[in-house]
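Heads up, the thing below is written out as structure tokens.
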Amino acid sequence: MKPTLQRIDPAKRTILPPEPELSAKAARNIVGVFLFLLAVPLAFEVAARFTPSKTNLAAATVRSGVQWLLLHGLNEGNKAVFVGKDRWLFAQHEIDRLVHARRAGNFMQADLLKLAAELKAQDTPLLVITIPERAALYPEQIHPARYAGVIRLKEEATRLAELKAAGVDVLDMSDAMWETRERPPAYYAQDSHWTPEVMKAVALVVNKHIREKVPRLGNTETPIINATTPEHADAGDLARQLDPRHATTLLGDEVADLVSFQGLEPSAESPIVLFGEELLRVYEDANLSFGGGGAPPHAGFASQLAALMGRPLDVRWRMPARENGYEDKKLVIILLPMAELVP
């Protein structure tokens with residue numbers, strides 16, 4: 001038997017309001033506001049190409065505002081910088097390298113093999129130190145997952161083996177930096193350069209390696225040097241790629257606790273020549289991150305290694321040219337990002 005339904009009292013009925021409708025005028029207003037928001041930055045960009053720097057400043061201000069909204073609202077960077085987990089910034093070309101979106105090739109491997117043959121002929125050791133990039137060392141900040149080790153390209157092992165077969169002494173720091181990448185951190189969240197702590201840790205490993213392999217090059221006497229501990233703050237070069245004018249406002253500053261050495265300045269007379277580019281120049285070049293302005297702080301890798309070795313080094317910022325001679329050198333060291341060896 002079906003239950004008897006009670007009759008609904010008409011006085012207690014719920015009256016549903018009609019569905020809201022967007023009037024033609026309201027729709028035109030919304031479209032107008034949207035087009036205005038698109039037109040304003042576009043107008044500044046167009047005007048910036050044909051008018052004085054005052055308008056360029058206005059265009060830069062609009063860009064800064066749009067980038068702030070993209071970062072804090074959508075966690076988005078730009079075409080050059082990827083924003084990862086916890087606001088870690090990555091150069092897009094680093095990610096492209098790991099997913100095999102190849103950049104233009106280089107001649108680094110061929111140059112190193114040629115240099116190794118020249119040095120072997122004069123009985124001068126060649127030490128190549130390879131350093132992994134940030135994206136290879138902190139992949140979980142790009143794609144959340146569990147990783148067993150540093151991300152490598154398959155060509156890396158082949159090229160390292162070729163160098164060893166040619167008589168090159170290879171010191172690959174990838175696995176060691178993976179094991180200690182949290183304490184101390186190997187890289188900054190907003191800057192592409194390694195931290196002073198891991199830089200000093202690598203210098204300690206290299207010093208020990210040289211003293212074991214070529215003990216005559218290590219000075220057993222403590223040199224007279226003056227050490228200071230400056231603290232420098234910087235928004236980071238990757239943050240400046242997002243917003244060149246207001247990087248600190250966008251993400252804040254990061255701090256580097258440096259150890260600066262005076263008294264072991266580079267010398268062309270040194271029997272040890274050290275090659276490298278930004279890995280060497282950071283904390284030495286005032287124009288790079290954490291330079292602090294004014295005179296270079298003498299706190300980079302070359303200064304750290306010189307202090308540990310107890311002698312000045314012949315420091316050269318650019319990678320060796322093929323025609324250079326090293327007859328008066330007892331050891332040639334090349335500090336090399338892995339991405340330069342395997343683009």
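The numbers here are math on the coordinates, done by the rules we state, and not lab data. Quick caveat: nothing in here was measured; it's all calculated off a predicted structure. Cβ atoms come from the backbone with ideal geometry, glycine included; neighbour counts cover every protein chain shown.
Taking 0.36 nm per residue of sequence separation and removing the Cα-Cα distance, the Lys79/Glu21 pair yields an extension gain of 16.9 nm. Counting only DSSP H runs of at least 4 residues, each contributing -39500 (n - 2.57), and dividing by the residue count of the chain, the helix-based mean residue ellipticity at 222 nm comes to -12000 deg cm²/dmol.
Between Asp285 and Glu212, the simple spin-label model (points 7 angstrom out along Cα→Cβ) gives 3.2 nm.
Each label point was placed 7 Å from the Cα along the Cα-to-Cβ direction; for Val205 and Lys164 their separation is 1.5 nm. I want to verify the translational diffusion coefficient of the stretch 246-320 in µm²/s; compute it with Stokes-Einstein, Rh as the Kirkwood radius over Cα pairs, at 25 °C and 0.890 mPa s. Estimated via Stokes-Einstein, D reaches 185 µm²/s.
Both radii were evaluated on the Cα set of the chain; the Rg over Rh quotient, with Rh as the Kirkwood radius, amounts to 1.19.
Mind giving me the FRET efficiency for Arg183 and Glu277? R0 is 41 Å, r the Cβ-Cβ distance, nearest 0.05 is fine. With R0 = 41 Å, the Cβ-Cβ based efficiency is 0.90.
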